[in-house]
Amino acid sequence: VKRDYGRNFPGYGILRIEQEDRRMYIEEMPFFRDFSDLAEAADRRGWHERNGGNLTYRLTSGEVKAWEALFHKTEPWQALVKAEPHVGGEYYLVTGSGKWMRHVVKEPRRCAGIIEISTDGAAYRIVWGLEDQGRPTSELPTHLAVSALKKRADEEKNRVIYHAHPPYLIASTFTIPLDDAVFTRHLWEADIENPIVFPEGIGIVPWVLPGSREAAEATLEKMKNYRAVVWAQHGTFTCGDDFDDTFGLMEVLEKSAQICCTVAAMGGKRQGVSTDNLRALEKACGLKLNEGALNAKG
Ligand code: 13P
Ligand code: ZN
């Protein structure tokens, strides 16, 4: 029975709310909640002053199928700085350029959005969010390049790519030599369980222009071997299979850098973790540790 109570019915407002409640909202979908949870938690850690940092997530085909009806496909296509054919046809949830991580939860449609990549990988268009003339993060070239690289290795892994401005890691790039093996060795020694989290080590990119193609290319080169890259005097790029995996890696790296900085402020190391200690851990945990870092001096 279709009941039309009309605007003058006393319960009109309540009825409208009930009807609206049955509508589906992208910002209530599990992947969006995980995305905004990371944004909020990371901001609380002090990794996102102002608009610093950005986050992207490659939707699964199941998520696209389930929510595609909520996407509008009327926005114009915009050329990408560099075509990424390997991610042609993919959809990404992204933070907006100039938007603050702190605001993602309260203003999801302004601070974040979903973009569709054209089938040839040369352009993108906004299909949800990024309202009021928003655009995707300026670091999109690096996010897409890393996403394409990781997707080539495994379709299902490393869907989350995350750029942060963590203070202790940035501080460490002023003192620890900008060398993958040496940097890794310093961070490994900060907590003996660290090598279990990043046995392959981390990559270091010397100063590079933010948002540039050079930044994307330098990061890409390092991401062939690692899941975490530190940009000297700027921040980090990390990736993971899900939001917890990515956030957890960032936490471990930043806490290690905090310990390194604290030790340096206390007058420097008097003792540390030996290569034999690391070999013992490698054997006990069945790891394959980065040889360069095993042979480096921390
Ligand atoms: P966006 O606001 O464009 O994401 O840039 C922030 C940033 O950290 C650039 O490196
Ligand atoms: Zn940045």
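Scan the stretch 127-141 and give yes if some residue there is acidic (Asp, Glu), within 16 Å of ligand 2 (Cβ to nearest atom) and either in a loop (DSSP other than H, G, I, E, B) or under 23 Å from Thr236 (Cα atoms) (or both), otherwise no. Checking the stretch 127-141: at least one residue is acidic (Asp, Glu), within 16 Å of ligand 2 (Cβ to nearest atom) and either in a loop (DSSP other than H, G, I, E, B) or under 23 Å from Thr236 (Cα atoms) (or both).
Given the criteria at pLDDT 95 or above, surrounded by 23 or more Cβ atoms within 10 Å (Cβ to Cβ), charged (D, E, K, R) and within 15 Å of ligand 1 (Cβ to nearest atom), does Glu139 qualify? Here the answer is yes, as Glu139 does meet what is asked. The condition of being closer than 17 Å to Thr142 by Cβ and of a type in the set (Val, Ile, Thr) holds for only one of Val105, Val64, Val87, that being Val87.
In the stretch 258-272 there is no residue matching the filter, namely being closer than 30 Å to Thr60 by Cβ and surrounded by fewer than 17 Cβ atoms within 10 Å (Cβ to Cβ).
Take the conditions within 16 Å of ligand 1 (Cβ to nearest atom) and over 25 Å from Val252 (Cα atoms) and apply them to Tyr92. Does it pass? Talk me through it step by step, then tell me what you get.
Numbers: within 16 Å of ligand 1 (Cβ to nearest atom): yes; over 25 Å from Val252 (Cα atoms): yes.
Yes, satisfied.
Determine if the stretch 251-265 includes at least one residue that is within 16 Å of ligand 2 (Cβ to nearest atom) and either of a type outside the set (Lys, Arg) or farther than 18 Å from Lys150 by Cβ (or both).
Here is the first cut: in the stretch 251-265, the residues within 16 Å of ligand 2 (Cβ to nearest atom) are 253-254.
Narrowing further to those that are either of a type outside the set (Lys, Arg) or farther than 18 Å from Lys150 by Cβ (or both): 253-254.
Yes, the conditions are met somewhere in the stretch 251-265.
For the stretch 90-135, the set of residues classified as among the β-branched types (Val, Ile, Thr), within 17 Å of the chain's Cα centre (by Cα) and under 22 Å from Gly62 (Cβ atoms) consists of Val94, Ile114, Ile115, listed by residue number.
If the condition is being more than 16 Å from ligand 1 (Cβ to nearest atom) and of a type in the set (A, V, I, L, M), then the stretch 158-209 contributes Ala171, Ile176, Leu178, Ala181, Val182, Leu187, Ala190, Ile192, Ile196, Val197, Ile202, Ile204. Going through (1) under 20 Å from Pro30 (Cβ atoms); (2) in contact (Cβ under 8 Å) with a residue 40 or more places away in the chain one by one, Gly62 falls short only on (2). Would you please name the residue that is nearest to ligand 2 (Cβ to nearest atom), looking only at residues in the stretch 162-189 that are among the hydrophobic types (A, V, I, L, M, F, W, C) and in contact with an Asp or Glu (Cβ under 9 Å, 6 or more places away or on another chain)? Of everything passing the filter in the stretch 162-189, Ala164 is nearest to ligand 2 (Cβ to nearest atom). Condition first: in contact with a Pro (Cβ under 6 Å, 6 or more places away or on another chain), crowded, with 17+ Cβ neighbours inside 10 Å and among the aliphatic types (A, V, I, L, M). Can you find one or more residues in the stretch 91-105 that meet it? Checked against the condition, which is being in contact with a Pro (Cβ under 6 Å, 6 or more places away or on another chain), crowded, with 17+ Cβ neighbours inside 10 Å and among the aliphatic types (A, V, I, L, M), the stretch 91-105 yields at least one hit. Taking the conditions (1) within 16 Å of ligand 1 (Cβ to nearest atom); (2) under 19 Å from the mean Cα position of the chain (by Cα); (3) of a type outside the set (S, T, N, Q) in turn, Leu80 satisfies each one other than (2).
Do we find that Ala69 is among the hydrophobic types (A, V, I, L, M, F, W, C) and either surrounded by 13 or more Cβ atoms within 10 Å (Cβ to Cβ) or without any contact (Cβ under 8 Å) to a residue 12 or more places away in the chain (or both) in this structure? Please lay out each step first, then the result.
Values: among the hydrophobic types (A, V, I, L, M, F, W, C): yes; either surrounded by 13 or more Cβ atoms within 10 Å (Cβ to Cβ) or without any contact (Cβ under 8 Å) to a residue 12 or more places away in the chain (or both): yes.
Yes, satisfied.
Within the stretch 190-223, restricting attention to residues that are charged (D, E, K, R) and within 23 Å of Phe247 (Cβ to Cβ), the residue that is farthest from ligand 2 (Cβ to nearest atom) is Glu193.
Tell me which strands (runs of 3 or more DSSP E) are completely within the stretch 192-298 and hold 3 or more residues being free of Cβ contacts under 8 Å to residues at least 60 places away in the same chain, or say none if there are none. Walk me through it before giving the result.
Values: elements: 203-205, 228-231, 235-240.
The strands (runs of 3 or more DSSP E) meeting that bar are 203-205, 228-231.
Quick check, is Glu282 within 16 Å of Ala296 (Cβ to Cβ) and touching a Pro at 6+ places or on another chain (Cβ under 8 Å)? Write out each step before concluding.
Details: within 16 Å of Ala296 (Cβ to Cβ): yes; touching a Pro at 6+ places or on another chain (Cβ under 8 Å): yes.
The answer is yes for Glu282.
The values are calculated or read from the model by the stated rules, or taken from the named source; none is laboratory data. Because the structure is predicted, anything quoted here is derived from the model rather than measured. Virtual Cβ from ideal backbone geometry, glycine too; neighbours counted across all protein chains shown.
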